[in-house]
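Asker: Pasting in a structure now, in structure tokens, and then I'll have a few things to ask.
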Amino acid sequence: MVVTHGRHHRERRERLVPAIALALPLSLLLILSGCTGSPSSPGTAATPVATSGAPATEGGQPTTASPMAPEVAQKLDVGLQLPWSVVFLPDGTAVVSERDSARIKSIRNGQAATVGEVPGVDPGGEGGLLGLALSPGFATDRWLYAYFTSPDDNRIARMKLTGDAGGTLALGEPEVVFSGMPKASTHNGGRIRFGPDGLLYVGTGDSQRREQPQDTNALGGKILRLTPEGRPAPGNPFGENPVYSYGHRNVQGLAWDSDGRLWASEFGPDVDDELNLITPGGNYGWPAVTGAPGRSGMIDAKVVWPSTSEASPSGLEIVDGIAYTGALRGQRLWAVPLDGETAGSPVAYFTGQYGRLRDVARAPDGTLWVISNNKNPDFALILRAGR
């Protein structure tokens, strides 16, 4: 069965302000008045090029270097069932989460094995076993972190991932380190990743609660920054608070460029999927605006996909100055050349060839893994990518 994404409930922009009025104070409404989620203005952010491999130009001159086409080195048909996230052990073993089965699987030497099942997962809609992350000190502490939907909320637990001399992995009992993120049938967020600072970054969704993204005391519609033990990270922009940035709709990908800047992919409603450059304390506009309309006090997306049928950008990885994101509804791999804080025009690869693409991650050997999310069973593509 093809997994749906919540696009069936087509949000109508003209209803945004009345919806906000039910939940937000007058002072904030005065700021937001007139900002009804209008689409991006042309030229305010990079937009996709129409043909794969064509370089972006302006006045006949290239705007940024166009990425070289990635090459498929291998397709691993290993019987995955709705995989959501992939991380890599130091020896190159891939560890994959399956959303609905709640199983953790390993892939080594082209063979998949079940490591264990995460208890307490309550799959349904877009919820279930979602993002994975390895502790920065995994070689010694063996912690595997998982974001999952429970019967009551979305939460993060960590488990020991141990192995024997033959390479067989075993999953320990979960220790919940953070909880209380709102859940719903759609917009559950789910991406987690440790940053260069050793802290845990968490992408959450608004869980269909539109009052939450603009409320810095709520956990929905945010990027959070936590210590490995699940406490608000020191130096967060709102004091003793886990919130790092706000005004998000449904964050799906997190990655850092070579200069340590954080980028995030995000689902829009019926228009304006986004790639954002994240600023601590930044307001990314939802539900008042989407895309890059240039509203005062809100941060424009660096890339806007006006048609969500071409995108639904999910997992994100940055390799050699190129941001790669898998597209679910768009059924392609997008490659976005980055130049400092600027993003060039995205280029699409494999359009319609492999179906819905959920996660993108760099393996220790430098290859790029792309995980499908189609009819069961699913597979992994191993790509060689570069300029």
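Asker: Listed residues Thr351, Thr325; which is more than 25 Å from Gly260 (Cα to Cα) and either in a loop (DSSP other than H, G, I, E, B) or in contact with a strand residue (DSSP E or B) (Cβ under 7 Å, 6 or more places away or on another chain) (or both)?
Answerer: Being more than 25 Å from Gly260 (Cα to Cα) and either in a loop (DSSP other than H, G, I, E, B) or in contact with a strand residue (DSSP E or B) (Cβ under 7 Å, 6 or more places away or on another chain) (or both) holds for just one of Thr351, Thr325, which is Thr351.
Asker: To continue, here is another question. Can you work out which of the residues in the stretch 62-79 that are in a strand (DSSP E or B) and more than 13 Å from Trp369 (Cβ to Cβ) is modelled with the lowest pLDDT?
Answerer: The qualifying residue modelled with the lowest pLDDT is Pro62.
Asker: Just need a number here: residues in the stretch 225-259 that are more than 21 Å from Glu341 (Cα to Cα), hydrophobic (A, V, I, L, M, F, W, C) and part of a strand (DSSP E or B).
Answerer: 2
Listed here are the residues, each with its yes/no results for (1) within 22 Å of Asn154 (Cβ to Cβ); (2) within 12 Å of the chain's Cα centre (by Cα); (3) at pLDDT 95 or above.
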| site | (1), (2), (3) |
| --- | --- |
| Val243 | yes, no, yes |
| Gly253 | yes, yes, yes |
| Asp257 | no, no, yes |
| Asp272 | no, no, yes |
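Asker: Right, next: For the stretch 342-387, give me each residue that is open to solvent by 30 Å² or more (accessible area, probe 1.4 Å), within 21 Å of Lys302 (Cβ to Cβ) and β-branched (Val, Ile, Thr).
Answerer: The answer is Thr342, and nothing else.
Asker: Are there any pairs with C-beta distances below 9 angstrom linking a residue in the stretch 88-114 that is small (Gly, Ala, Ser) to a residue that is surrounded by 13 or more Cβ atoms within 10 Å (Cβ to Cβ) and modelled with pLDDT under 95, with the two at least 6 apart or on different chains, and if so which?
Answerer: The qualifying pairs are Ser106/Gly167.
To keep it simple, each residue is scored yes or no on (1) of a type outside the set (A, V, I, L, M, F, W, C); (2) assigned to a strand (DSSP E or B).
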residue	(1), (2)
Tyr145	yes, yes
Pro151	yes, no
Arg155	yes, yes
Lys160	yes, yes
Ala165	no, no
Ala170	no, yes
Val176	no, yes
Ser179	yes, yes
Ser185	yes, no
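Asker: Do we find that Gly330 is within 21 Å of Gly268 (Cβ to Cβ), part of a loop (DSSP other than H, G, I, E, B) and either open to solvent by less than 10 Å² (accessible area, probe 1.4 Å) or modelled with pLDDT under 95 (or both) in this structure?
Answerer: yes
Asker: Among the residues of the stretch 181-200, write down those that are among the small types (Gly, Ala, Ser) and buried (at least 23 other Cβ atoms within 10 Å of the Cβ).
Answerer: Selection gives Gly189, Gly190.
Asker: Which one is most open to solvent (accessible area, probe 1.4 Å) among residues in the stretch 276-313 that are outside any loop (DSSP other than H, G, I, E, B) and touching a Ser or Thr at 6+ places or on another chain (Cβ under 7 Å)?
Answerer: Going through the qualifying residues, I end up with Pro306.
Asker: Checking the structure you have, find out if any residue of the stretch 366-374 is over 19 Å from the mean Cα position of the chain (by Cα) and β-branched (Val, Ile, Thr).
Answerer: Yes: one or more hits.
Asker: Then there is this: Report whether or not Ser135 is at pLDDT 95 or above, more than 29 Å from Met298 (Cβ to Cβ) and in contact with a helix residue (DSSP H, G or I) (Cβ under 8 Å, 6 or more places away or on another chain).
Answerer: yes
Asker: Is it the case, given these coordinates, that Asp122 is among the acidic types (Asp, Glu) and touching a Leu at 6+ places or on another chain (Cβ under 6 Å)?
Answerer: Criteria not met by Asp122.
Yes/no per residue for (1) touching an Asp or Glu at 6+ places or on another chain (Cβ under 6 Å); (2) open to solvent by less than 60 Å² (accessible area, probe 1.4 Å):
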residue	(1), (2)
Asp164	no, no
Ser179	yes, yes
Val202	no, yes
Arg210	no, yes
Leu219	no, yes
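Asker: Here is a follow-up. Would you tally the residues in the stretch 348-376 being out of contact with any Ser or Thr (no Cβ under 9 Å at 6 or more places or on another chain) and modelled with pLDDT of 95 or more?
Answerer: Of the residues in that region, 12 qualify.
Asker: Kindly indicate whether any position in the stretch 200-207 is within 20 Å of the chain's Cα centre (by Cα), under 17 Å from Gly125 (Cβ atoms), touching a residue at least 60 places away in the same chain (Cβ under 8 Å) and assigned to a loop (DSSP other than H, G, I, E, B).
Answerer: Yes, there is a match, as at least one residue in the stretch 200-207 is within 20 Å of the chain's Cα centre (by Cα), under 17 Å from Gly125 (Cβ atoms), touching a residue at least 60 places away in the same chain (Cβ under 8 Å) and assigned to a loop (DSSP other than H, G, I, E, B).
Asker: Next question. Checking Ser345 against (1) polar (S, T, N, Q); (2) touching a Lys or Arg at 6+ places or on another chain (Cβ under 7 Å); (3) modelled with pLDDT of 95 or more; (4) in a loop (DSSP other than H, G, I, E, B), only one condition comes out false. Which one?
Answerer: If we test Ser345 against (1) polar (S, T, N, Q); (2) touching a Lys or Arg at 6+ places or on another chain (Cβ under 7 Å); (3) modelled with pLDDT of 95 or more; (4) in a loop (DSSP other than H, G, I, E, B), just (2) comes out false.
Asker: Mind listing just one residue for me: the one in the stretch 80-122 that is among the polar types (S, T, N, Q) and in a strand (DSSP E or B) and, of those, surrounded by the most Cβ atoms within 10 Å (Cβ to Cβ)?
Answerer: Of everything passing the filter in the stretch 80-122, Ser97 is surrounded by the most Cβ atoms within 10 Å (Cβ to Cβ).
Asker: Quickly run through the stretch 225-275 and pick out the residues that are free of Cβ contacts under 8 Å to residues at least 40 places away in the same chain, of a type in the set (D, E, K, R) and surrounded by fewer than 23 Cβ atoms within 10 Å (Cβ to Cβ).
Answerer: Listed by number, the residues that qualify are Arg231, Glu240.
The values are calculated or read from the model by the stated rules, or taken from the named source; none is laboratory data. Treat the numbers as computed from the prediction; the structure is a model and nothing was measured. Glycine also receives a Cβ, built like all others from the backbone with ideal geometry; neighbour counts cover every protein chain displayed. These area figures cover heavy atoms from the full protein model, side chains too; ligands, DNA and RNA do not enter into them. Shrake-Rupley method; radii C 1.70, N 1.55, O 1.52, S 1.80 Å.
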